[in-house]
Amino acid sequence: NKTIKVLQEEVAKRKEAEHKMKESLRKERELNELKTKFLSLVSHEFKTPLSGILTSATLAGKYTETEQQDKREKHLKTIQSKVKYLNNILNDFLSIERLESGKATYKFDTFPLSKVVNEVIYNSNMLLKDGQRINYPNNIDDITVNFDEKILELSLTNLINNAIKYSPEYTTIDVAVVNKNETIVIQIKDEGMGIPQKEQKYIFNRYFRAENALLDQGTGIGLNIVKSHLESLGGKITFESEEGKGSAFTISFSTKNNTN
Ligand code: ADP
């Protein structure tokens with residue numbers, strides 16, 4: 001009897017070990033698949049802007065005559081906006097790395113809201129399509145906030161750039177701000193393609209991209225990290241959207257009692 005029990009225990013132990021081994025192999029395979037997916041996403045995402053930069057740089061170098069100044073400037077602007085775009089993607093990737101490793105650190109500062117909003121809109125202007133314009137909020141000059149400036153900038157950059165990217169030419173993007181009881185609410189509203197109803201529940205999932213957006217470049221990372229960062233700081237992001245009509249993304253955060 002004793003021998004049988006020992007044998008049974010031995011079998012159970014081996015089964016357990018085998019199970020653990022299988023599990024760790026499965027995890028390793030999953031990790032490898034994720035790495036491959038990530039690498040192909042990065043290379044794909046960088047390839048098109050980089051080849052655009054090369055073309056524009058080559059052409060800008062050819063337009064040396066005074067009367068070709070306009071053309072030269074146009075290509076230099078293209079280079080600027082594509083470099084900016086790549087830089088934004090890199091910032092998003094760095095955010096993921098920090099969030100994953102638990103190394104995301106936040107820093108609260110007191111600053112005028114208009115400083116960040118101005119800067120983000122100024123940088124986004126480069127990405128506007130023909131006839132697109134951004135309506136700047138007209139009531140923010142006196143608003144001072146206490147928040148993480150970098151996170152606010154990253155959030156607004158992602159939302160405004162999405163509004164531009166997922167809207168056609170000759171549309172308006174409205175940026176509106178409400179400041180009530182030391183809570184700041186910022187809404188970015190576009191007249192673009194919208195998000196199909198059945199896909200709305202996945203929109204904050206990492207790497208998720210809606211079916212109707214696949215012709216545009218994108219990584220499906222931006223909204224996911226904006227949400228993670230904002231929630232870590234006690235803030236929120238929500239949206240409303242209708243396919244073919246447009247979307248409105250709203251972020252809100254308290255500017256009260258924020259200390260490092
Ligand atoms: P990316 O834009 O790089 O794909 P995001 O995380 O910023 O990544 O957005 C995820 C997806 O959400 C997009 O691929 C798109 O399908 C959808 N989306 C985000 N913003 C908008 C918007 N303003 N209008 C329509 N669809 C949007």
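The values are calculated or read from the model by the stated rules, or taken from the named source; none is laboratory data. Please read all numbers here as calculations on a predicted model, not as lab measurements. Glycine also receives a Cβ, built like all others from the backbone with ideal geometry; neighbour counts cover every protein chain displayed. These accessible areas exclude ligands, DNA and RNA; they are computed on the full protein's heavy atoms, side chains included. Shrake-Rupley method; radii C 1.70, N 1.55, O 1.52, S 1.80 Å.
Scan Asn212, Asn146 and give me the residue that is more than 16 Å from the chain's Cα centre (by Cα), within 9 Å of the ligand (Cβ to nearest atom) and surrounded by 14 or more Cβ atoms within 10 Å (Cβ to Cβ).
Asn212
Can you spot a residue in the range 179-196 that is open to solvent by 20 Å² or more (accessible area, probe 1.4 Å), more than 9 Å from the ligand (Cβ to nearest atom), closer than 18 Å to Arg133 by Cβ and not basic (Lys, Arg)?
The answer is yes, given that some residue of the range 179-196 is open to solvent by 20 Å² or more (accessible area, probe 1.4 Å), more than 9 Å from the ligand (Cβ to nearest atom), closer than 18 Å to Arg133 by Cβ and not basic (Lys, Arg).
Within the range 78-126, can you find the residues that are polar (S, T, N, Q), surrounded by 14 or more Cβ atoms within 10 Å (Cβ to Cβ) and not in a helix (DSSP H, G or I)?
none
Restricting attention to the range 92-123, report how many residues are among the small types (Gly, Ala, Ser) and within 16 Å of the ligand (Cβ to nearest atom).
Residues that pass the stated criteria total 1.
Identify, by number, the condition in (1) assigned to a strand (DSSP E or B); (2) under 13 Å from the mean Cα position of the chain (by Cα) that Phe253 doesn't meet.
(2)
Suppose we keep only residues that are farther than 19 Å from Leu230 by Cα and open to solvent by less than 50 Å² (accessible area, probe 1.4 Å) within the range 197-208. Which one would you say is nearest to the ligand (Cβ to nearest atom)?
Glu199
Search the range 217-228 for residues that are basic (Lys, Arg) and pair each with any residue that is open to solvent by 20 Å² or more (accessible area, probe 1.4 Å) and more than 6 Å from the ligand (Cβ to nearest atom) when their beta-carbon atoms are under 6 Å apart and the residues are at least 6 apart or on different chains.
Qualifying pairs under 6 Å: Lys227/Phe204.
Can you name the residue in the range 165-178 that is buried (at least 20 other Cβ atoms within 10 Å of the Cβ) and of a type in the set (A, V, I, L, M, F, W, C) and is also farthest from Leu233 (Cα to Cα) among such residues?
Ile173
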